[in-house]
Amino acid sequence: MAKDKKQPRPKAVTPKGFRDYFGPEVTARTEMLTKIAGVYHRYGFDALETSAVETVEALGKFLPDVDRPNEGVFAWEEDGDWLALRYDMTAPLARVAAQYRNDLPSPYRRYTMGPVWRNEKPGPGRFRQFYQCDADTVGSASVAADAEICAMLADTLEAVGIERGDYVIRVNNRKVLNGVMEVAGLASDDKEAERGIVLRAIDKLDRLGLVGVRALLGDGRKDESGDFTKGAQLTPQQVEPIIKFLEIGLIDSATPSSRPTTETRARNALGQLSYLVAASPVGLDGIGELREIAGLLEAQGYGPDRIVIDPSVVRGLGYYTGPVYEAELTFEIKDEKGRPRNFGSVAGGGRYDDLVKRFIGQSVPATGVSIGVDRLLAALHAKGRIDSTAQGPVIVTVMDRDRMADYQTMVAELRNEGVRAEVYLGNPKNFGNQLKYADKRHSPIAIIAGGEEFDKRVVQIKDLILGAEIAKNATLEEWKDRPSQYEVPRDQMLAKVREILDGQG
């Protein structure tokens, strides 16, 4: 009889475009989200958790480059319906606002945080699963709601550790861009596909520059890898007002000393935009809203040192209908090749008055912001605000297996007083391995007790942080008289542990 073919072992690899998060990263994210939630809560927003799975119909086709139900999202067919993992937090909110509209207050103000999934080409620092943290107001048509979101975003960045001067929140209005589209002859319903390509092209301005965007507005563009992206096929006459629109938003190319102030630049930009879209009522309406937002923010003390009007902000998603905003971190970092560059965008959002209308046929105004959690965490790492080697637990070592109940009593005592602690549960035969384990866990303290210590009713407490410093700087005078291990009475164990932890900061 033929032998059964042996099944190959599965490969222990993370799927392409995904990654794993370990203890310190998860802890840092949780702490940051707690701070963000605190700001959102202070502004009067309530928490909401929605399902990770939505119908493709409910999600809608708002992602860039989406032509089929299963492009751009992770989707599957079930009982004749297409289901998909959510690609953002806003589309599920629109469904909730429609489904529970008779039960929710109006306006409805909610915040949410969690993972989203996009079936896109992964790249350096770009993953298919990532965290978002959103806050939205559904049911208010007032641009005061948009101004409030921008103010709250500024407060949030400062709350998590991004100092004033290291960020700027840029505000624009899709109505202004719609006015530019009208001037370019792209306002009719049959030009929807071209408008989508134009939006995506403009959204890549910071990466491709005017030359790259111009190519995407025309025949198309080939990237460094050789991949070709088909363009919007616009005529030169159609391209020109769009390029002029983008040039208004670009920072003045003069030397820094001769550049106008941010406030003057914004005022000049609004004047130039008014001239560009003078023939478009919707464009002029958008400029009026931008002026109102600027006035509301100024009245609250949010000046152009934090929030500015910037016509180059577009946002790539297709559902925005009014003001749009983006938070950019302005400090310098090094890219993969060691070249200096600004960190870039960590949050964005805007007004989407037609999203709920898809479900109920009635217009429901809404506006909101989404923070890219992983991007913001990376920024805090770059600024040195997060320690990537978070402190581990106090380790109670095991010298005598028969004394396990005594060791568990020690660790329970520490835990009951709020000290993070654990008993070593590996093979205790080699004591050196226990200390190696503590080192790998970045533990601050090891507690040691064998038969002799139990007989004398004492414990040995080893300061692992100080011990590492002494080993590293053995010749320095400052460490000469400082012990790294203490023998203390058993009933003083907790007090000594606290003293050492406090000394470690």
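The values are calculated or read from the model by the stated rules, or taken from the named source; none is laboratory data. A quick note: this is a predicted structure, and the numbers were derived from the prediction, not measured. For neighbour counting, all protein chains shown are included, and Cβ atoms are generated from backbone atoms with ideal geometry for every residue, glycine included. Ligands, DNA and RNA are stripped out before the accessible areas are found, and what is left, the full protein with its side chains, is counted by its heavy atoms. Shrake-Rupley method; radii C 1.70, N 1.55, O 1.52, S 1.80 Å.
General remarks:
- When residues of the range 151-198 are limited to those that are outside any helix (DSSP H, G or I) and among the charged types (D, E, K, R), the one most open to solvent (accessible area, probe 1.4 Å): Arg164
- Between Ala327, Ala366, the distinction of being at pLDDT 90 or above, more than 30 Å from Glu57 (Cβ to Cβ) and in contact with a Ser or Thr (Cβ under 8 Å, 6 or more places away or on another chain) belongs to Ala327 only.
- Answer residue from the range 330-360, given it is among the hydrophobic types (A, V, I, L, M, F, W, C) and modelled with pLDDT of 90 or more and is nearest to Ser142 (Cα to Cα) among those: Val356
- Taking first residues from the range 192-209 that are under 16 Å from Lys61 (Cβ atoms) and partners that are surrounded by fewer than 20 Cβ atoms within 10 Å (Cβ to Cβ) and among the aliphatic types (A, V, I, L, M), the Cβ contacts under 9 Å between residues at least 6 apart in sequence or on separate chains come to Arg195/Ala187.
- Check on Arg221, basic (Lys, Arg), at pLDDT below 85, surrounded by 16 or more Cβ atoms within 10 Å (Cβ to Cβ) and out of contact with any Lys or Arg (no Cβ under 7 Å at 6 or more places or on another chain): no
- The single condition from (1) of a type outside the set (S, T, N, Q); (2) open to solvent by less than 20 Å² (accessible area, probe 1.4 Å); (3) more than 25 Å from Gln362 (Cβ to Cβ); (4) more than 14 Å from the chain's Cα centre (by Cα) that Ala94 fails is (3).
- Some residue of the range 126-142 being over 20 Å from Phe331 (Cα atoms) and part of a helix (DSSP H, G or I): no
- Residues of the range 415-449 that turn out to be surrounded by 14 or more Cβ atoms within 10 Å (Cβ to Cβ), touching a residue at least 60 places away in the same chain (Cβ under 8 Å) and farther than 14 Å from Gly467 by Cα, as a count: 1
- In the range 329-440, counting only strands (runs of 3 or more DSSP E) that sit wholly within it, the ones holding 2 or more residues that are within 30 Å of Glu158 (Cα to Cα) span 340-351, 366-372.
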